[in-house]
């Protein structure tokens, strides 16, 4: 039997002369498990996916079809690419209608984000998708590259009624995305 307890979580501590009991280990594991769950539940972000490419590619697809979107108020995607200017689509769609002003004017575009890049610069981009359980808004994008310049853009677009977010597609029209591209997908819990 343990002769001492830790100060914060009252985990068992043994002296050399103490008898070690399985029940004490199980009780400690239950306390640790509960504490870790409380920390996870308190965080608004859930890491859903992390991908690092292992070869050069003309397109990288993030398959989101296995994510229960109803659990999240938004998705945050962080990407880091090198080797070319990057365009982003969703669901491999080649046409989107974007609002360009508060007056309701719109444009047809074939991508939701463009971030310029080159073989010698690392380009970082961040996309927020909100309203995940009903007609997702493909929202604000941010980008920067290590060449001390910023170039690119995107619009706020909605998927057509009834269409859900299934994939995010990073692609290039010249050159390739170099191996080592990184993508992190987080869900913002409701």
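The order of the peptides 1-8, 81-88 by mean Cβ neighbours within 10 Å, most packed first, is 81-88, 1-8.
Note that the range 1-80, at 20 °C in a medium of 1.002 mPa s, gets a Stokes-Einstein diffusion coefficient of 124 µm²/s from its Kirkwood radius over C-alpha pairs.
We did not get these values from a lab; they are worked out from the coordinates using the rules stated. Keep in mind that what you see is a predicted model, and the values were worked out from it rather than measured. Cβ coordinates were reconstructed from backbone atoms using ideal geometry, including for glycine residues, and neighbour counts include every protein chain displayed.
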